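Here, each number is a calculation from the coordinates, and none is a lab measurement. Please read all numbers here as calculations on a predicted model, not as lab measurements. FYI the Cβ positions are ideal-geometry reconstructions off the backbone, even for glycines, and counts take in every protein chain you see.
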Amino acid sequence: MRSVVFAFLVVAIFGAVLPEEQRTVIRKRGVNYLSNIRVISGEKSNDDDAVNKDAAQSAVFHYFGGPIISNPEVSAILWNENTLFQEEMDMLYRHLSEGRYMNFFQEYNVEGQEPFGVGKYLGSHVCSTCDNGNMDISVDEVVAALTQLILDGSVPYPNKNSYYAISFPPEYHVTVGEDVSCEVYCAIHQSFEFQGMDVAFGIIPDLGSSGCENGCGVHSVLENTMYVASHEFAEAITDPVTGVEGVDTWRDSNGMELADTCAHQAVFVSEDEDSFVVQKLWSNAMMDCVDPMEPLPVQGGYCRDHNAAVTTLALFAGRSYNGCEDVAAQGYCHDPLLAFEARLFCPYSCGVRDNNDRFAVALRLLGVDDAPPSCADALTYGGFAHCLEGGDIGAVIRRYCPCVCNDEMIRSLRQ
């Protein structure tokens, strides 16, 4: 079996070890950092709190060719009988994998792979053989324990959709490379090779002890644990392979994954008489951190797919497709050559949405005092010409009201 190789940019930490409130690390994939850790990405230095605000103005996530976990099958593992919140985390993982949460990921479907959809929660297992009495554990020990659980049938055998969420009891530390849980990170997802297959797993420390209580959220220990676990789940299914150099799925130019831009932004949810907490996630369509449990807003009757227009104009000459759902399923929404046409004619299927709030705020920042309140009224301010012009107002309308502009553009093309 190939040894675990972690896709770290650099394994060293700059300078001497600093006091906790000043400690600086180099960003690594899969890591959900404590809020008091200063994170640097290559030449560019950012505090995570600043990253979460500033990156939201410019972050765009790109597809780099790797796999997704489209229908996640989640198995939860408790390191020993002292690990907390088994029943509550059972409920959370069931909602994440089987509930409406999975609808959010449709905009991150990729060509040639099954689209994101409902998965399965396979239950939890309290490990009776993992703990050897050592409270300082290496990630290699975690992989060895998980491998043994798989081989002896204690947890389900992995497939391409598997994700193993491993939780630890109070006062335990798990070291990944140079990074120690609750000193540097709140949680982390990684992968290892098992019988020729890359298998994704998450490490969820106890967030009420060892330092995590001061840097992993401002809510209760359970609530913090839930949204941190949802952070790792979201990134594991959109960028599952961290141990193979050159294999990336969805990330931005700084190496941040889907939940990193929105770290420590909790959303309180009620579904099927259950209450739980998830973290906001980045939406390329909305250019913002959004509540993944809520459908992206369709404003003013816009954001319609135009199947007839797609067929009539034959935008995808030489390729077979059957309307906008097929356009999205084949990955055209993110194809470098076809994305513009796909999003223009199939905005709903491609996850394109108007954003009323950001539109009105952006116009006010440009000094437009009489800005219309919503995208549905955008064309009353200057008309369709603003969708095409190169000025600031046109850029704002195109960015935040793409469906309004798309509808008008399609009408003009049909004339």
| said: Using amide H atoms built in the peptide plane, which far-off residues or other-chain residues are under 5 Å from residue 137 H to H? | reply: 173, 174, 175
| query | Which whole-Hz couplings ³J(HN,Hα) result when phi for each residue of the stretch 264-269 is put into the Karplus expression 6.51 cos²θ - 1.76 cosθ + 1.60, θ = phi - 60°, listed in order with x for Gly and Pro? | reply | 6, 10, 8, 10, 9, 10
| Projected-area average for the stretch 179-235 over all orientations - Cα convex hull basis, square nanometres | 4.1
| request: Give me the distance in nm between label points sitting 7 Å out from Cα along the Cα-to-Cβ direction at residue 180 and residue 136, one decimal. | output: 0.6
| field | Built amide H within the under 5 Å cut-off of residue 242, gap 5+ | value | 191
| For the stretch 172-275, radius of gyration divided by Kirkwood radius, i.e. Rg to Rh on alpha-carbons | 0.99
| task | Run the numbers on the stretch 69-158 and let me know its relative contact order in percent, using alpha-carbon pairs under 8 Å that are six or more apart. | result | 38
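What is the Cα radius of gyration of the stretch 96-217 over 2.2 N^0.38 Å, N being its residue count? Don't skip to the answer; put the middle values down first.
Details: Rg = 15.9 Å, N = 122, 2.2 N^0.38 = 13.7 Å.
Relative to the 2.2 N^0.38 Å estimate, the stretch 96-217 comes out at 1.16.
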| Per-residue HN-Hα couplings for the stretch 196-201, Karplus 6.51 cos²θ - 1.76 cosθ + 1.60 at θ = phi - 60°, whole Hz, x for Gly and Pro? | x, 10, 7, 10, 8, 8
| request: Tell me which residues come under 5 Å, amide H to amide H, from residue 125 once H is placed; ignore anything under 5 positions away on its chain. | output: 76, 77, 78
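I'd like the antiparallel share, as a percent to the nearest 5, of DSSP beta bridges with both residues in the stretch 142-252.
Values: 9 of 15 bridges.
Given both bridge residues lie in the stretch 142-252, the antiparallel proportion sits at roughly 60 percent.
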| task | Mind giving me the FRET efficiency for residue 114 and residue 87? R0 is 30 Å, r the Cβ-Cβ distance, nearest 0.05 is fine. | result | 0.45
| field | Euclidean distance between Cα centres, the stretch 216-231 to the stretch 80-130, Å | value | 16
